[in-house]
Amino acid sequence: MMASNKDHTDGLENRPDAPSSLELNGASIPPRKKLVAPPMNVSLDRSEGSLLSDDALDTGDDLDINVDELDTPDEADSLEFNGIGDPQGSNQEADREPSEAIPEYSAEEERQDAKLWRTVVIGEQEHRIDMKCIESYQRVISHGGYYGDLNAIIVFAACFLPDSNCDDYHYVMENLFLYVISTLELMVAEDYMIVYLNGATPRRRMPGIGWMKKCYHMIDRRLRKNLKSFIIVHPSWFIRTVLGIIRPFISSKFSSKIKYVNSLAELRQLIPMEYVHIPESIIKYEEEKGIKTFACMR
């Protein structure tokens, strides 16, 4: 069979009228032409036709490339290869867990936070007061009205100080100290006096010497200057001793402003008492001491 096909082909080639190429759709395909490359001199000298000749090195103006004018891709045009070549890459965005949204800070939460923390400026320095830890001790300082020409009366009740055996005592006293100083600056506009209620205060609630010295030095110079008197009601031997110890650390002008008062009736002779809050424990203290003048304070 193969021999017969070859004979058949040979017969076609020998026919004088056989077409020189196959006809496709009625059109004949022209025979291919062979292109002959021109001779090239690959020597490295500068002879004509060599690679280093002037004609070969002359690129002309059309090939003069300005690098500065080339468009280069920026970061926004960079290709993202996430998922390329990875059959599961197209689902990575869908499979990624959505990030948790930041909860909104409501006005009520802001008010609650303001109750827990208070930012104050003392001596051009910002401080934050933990209002929660001193919630039970804020009555230690109060406004007692005015005397004379709108001069403020500041009442400090030592019986409301924390017990030295309480948890985080130093932390509480530090925040209470900032609260007292900042409140004093808010209450005082002009001249003022401080009424220190020392009665009914056990020894374990008495402020330490260091705490009192710190209060004195942290009080603004304007407040120290405008202080007209520092009245101590029911002074004990301990408070007298403490003041005697810290006297060298305070100015002589401040020492001259300290006055001792042995009863509430005696205090009434010095200042108006209509707005001075006297704790019930101090009234009971006078009852226990046999002081007959406590009834006038009710």
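Would you be able to say whether some residue in the range 213-227 is among the polar types (S, T, N, Q) and closer than 27 Å to SER263 by Cβ? Please lay out each step first, then the result.
Filtering the range 213-227 for residues among the polar types (S, T, N, Q) gives 226.
Next cut, closer than 27 Å to SER263 by Cβ only: none.
Among the residues of the range 213-227, not one is among the polar types (S, T, N, Q) and closer than 27 Å to SER263 by Cβ, which makes the answer no.
Could you figure out which of (1) touching a Leu at 6+ places or on another chain (Cβ under 9 Å); (2) open to solvent by 50 Å² or more (accessible area, probe 1.4 Å) isn't true of ALA157?
(2)
Residue check: is TYR216 of a type in the set (Ser, Thr, Tyr), part of a helix (DSSP H, G or I) and without any contact (Cβ under 8 Å) to a residue 40 or more places away in the chain?
yes
Name the residue, out of ILE283, ILE250, ILE232, ILE245, that is surrounded by 15 or more Cβ atoms within 10 Å (Cβ to Cβ), of a type in the set (Val, Ile, Thr) and over 26 Å from GLU190 (Cα atoms).
ILE283
Of all residues in the range 253-280, which are in a strand (DSSP E or B), open to solvent by 40 Å² or more (accessible area, probe 1.4 Å) and of a type outside the set (Lys, Arg)?
Answer for the range 253-280, where residues must be in a strand (DSSP E or B), open to solvent by 40 Å² or more (accessible area, probe 1.4 Å) and of a type outside the set (Lys, Arg): just TYR260.
Hey, among the residues in the range 160-183 that are under 33 Å from the mean Cα position of the chain (by Cα) and acidic (Asp, Glu), which one's most open to solvent (accessible area, probe 1.4 Å)?
Out of the qualifying residues, it is ASP167.
Restricting to the range 239-253, what's the tally of residues that are at pLDDT below 85 and within 15 Å of TYR196 (Cα to Cα)?
Here the count works out to 2.
Enumerate the pairs (first residue in the range 159-180 and assigned to a helix (DSSP H, G or I); second residue anywhere and small (Gly, Ala, Ser) and at pLDDT 90 or above) with beta-carbon separation below 7 Å, excluding pairs fewer than 6 apart on the same chain, so at least 6 apart or on different chains.
Sorted first by the residue in the range 159-180, then by its partner, the pairs are CYS159/ALA200; CYS159/SER281.
Given the residues MET193, MET212, which is the only one that is under 15 Å from PHE156 (Cβ atoms), surrounded by 14 or more Cβ atoms within 10 Å (Cβ to Cβ) and modelled with pLDDT under 90?
MET212
The values are calculated or read from the model by the stated rules, or taken from the named source; none is laboratory data. What you see is a predicted model; the values in this text were computed from it and never measured. Neighbour counts run over all protein chains shown; Cβ positions are idealised from the backbone, glycine included. SASA here: full protein model, heavy atoms, side chains in, ligands and nucleic acids out. Shrake-Rupley method; radii C 1.70, N 1.55, O 1.52, S 1.80 Å.
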